[in-house]
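Below: one structure, written as structure tokens.
The values are calculated or read from the model by the stated rules, or taken from the named source; none is laboratory data. This structure is a prediction, so every number in the text was calculated from the model and none was measured. All Cβ positions, even for glycine, are placed from backbone atoms using ideal geometry, and neighbour counts span all protein chains on display.
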Amino acid sequence: MTQASAPDASHGQRGAVRRALGVALAVTGLLIGAAVPASAAELMRVTFIRHGESAGNASGNIDTSTPGPVLTAKGQQQAEAVAALLEDNNYDGIYASTMVRTQLTAAPMSQDLRLPIQVLPGLQEIEAGVFEGTPESQASSGYGLYPLAWAVQGNRDLRIPGSIDGNEFDARVDQALATIYDNGDRNAAVFSHGGAIMFWTMMNAQNLTAAQKIDLLRTAPLGNAQYVIVEGNADDGWTLVNWNGRLFAPEPTFVAEVQRQRRTLNRQLAASAKEFVDSFSSRDPATIASALNDSVTDAAFSISKYRRAVRAEIISRVGTRKEPTQVSLDDTAELTRAEAAEAVKTSDDTAKRAPKRHRINRVEAADERDGTPRDTTKRPTKRRAISADSSGSSGARADGQDAAA
């Protein structure tokens, strides 16, 4: 038997060491994989939007019935204005509660973005039980005390007489959000109610202290057509991002926002393509031709919405920074130069959006006629809410005014 030479023996030893290291690394990787979850759940951004002024709000009495009252003329104007204000976020889904006032508020945005309104149980207002029909001005000593205890004191077992407790309320909103997540939407507009939005957010936002919750209820109760943005998922929990223009968490990076929009675009283009492919099962040339036309039209509109959303994001960031050059092509490393150039290019969309600004102006004029004070130093943008009406259309308040939404 021939004995290996010294060089060969050395080479063999090195090979054995490399194999041993490889096995060790593989085992280490398996151990790490076992100790760490395979992948974190995707983040979902939810923009909750309170409905416009309803006949119930105008009456001054608590009305949490289903389907409930419709919008007033002012409420309809608020619905149009909030659509103009927020739709540049290019949501991938629009949802509303089973109460008609949220569906009517969602209608202008649904029409502008060409997305259906999906009605979900669980998003409805907190039922008032024995307090139904009582004056909203008395909510601080009745109806409003119960959700306040859920959100601030953590007493979720407390039940509103004749209605639900905090655990039941929290679970049904959680289920609605789980449905949105399972639908694949990660940037949803959810039209709901003042109490439901405020108290679910306070019960679930990990970055809110008890003092901050009380301060929000005291100084910034959610008015009609105002919004709250949260981000997270059922596994990792939720973070309050924006309370009607007041930031509570750092804004996502520009690239992250564009990635969100690109995901929305890809899903919409895939849906358009599927519509065309599915038409072949009919074997009818007319049906196929019609589906092709619809698919092309839908795809073109989706691309237009994507470009508009990216442009709006750039304009927003440039407008809030001292150095506009901070947002440049170099910042969009994960974008193609063609996309970035298209995003900053002036287009015909600017002219098309003039009527939307007019909608906001009409609401401002209505508020001025009503004698509602407004902050005229700020012009609404997609990151700033329209002002709330302080005379009876504000959201649930710590002092009991308009606790029903």
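Quick notes on this structure:
- ALA139 vs. criteria in the same structural domain as ILE94 (by TED's automatic domain parsing) and either touching a helix residue (DSSP H, G or I) at 6+ places or on another chain (Cβ under 7 Å) or among the polar types (S, T, N, Q) (or both): no
- Applying the condition of being small (Gly, Ala, Ser) and touching a helix residue (DSSP H, G or I) at 6+ places or on another chain (Cβ under 7 Å) to region 283-303 and asking which residue is nearest to ARG263 (Cα to Cα) yields SER302.
- Sole residue being polar (S, T, N, Q) and modelled with pLDDT of 95 or more, chosen from THR28, THR2, THR47: THR47
- Residues within region 149-168 that are over 16 Å from GLU125 (Cβ atoms) and of a type in the set (Asp, Glu), tallied: 1
- Scanning region 134-153 for residues that are modelled with pLDDT under 95 and among the small types (Gly, Ala, Ser), we see that the one that is nearest to THR209 (Cα to Cα) is GLY144.
- Residues being of a type outside the set (Gly, Ala, Ser), under 14 Å from MET198 (Cβ atoms) and out of contact with any strand residue (DSSP E or B) (no Cβ under 9 Å at 6 or more places or on another chain) - total across region 148-164: 2
- Restricting attention to region 231-254 and to residues that are in contact (Cβ under 8 Å) with a residue 24 or more places away in the chain and over 14 Å from the mean Cα position of the chain (by Cα), the residue that is surrounded by the most Cβ atoms within 10 Å (Cβ to Cβ) turns out to be PHE254.
- Scanning region 122-136 for residues that are over 15 Å from GLY194 (Cβ atoms) and touching a helix residue (DSSP H, G or I) at 6+ places or on another chain (Cβ under 7 Å) gives a single hit, GLY122.
- Condition met for GLY142 (at positive phi and more than 25 Å from the chain's Cα centre (by Cα)): no
- Hey, ARG218 over 23 Å from ALA107 (Cα atoms) and out of contact with any helix residue (DSSP H, G or I) (no Cβ under 6 Å at 6 or more places or on another chain) or not: yes
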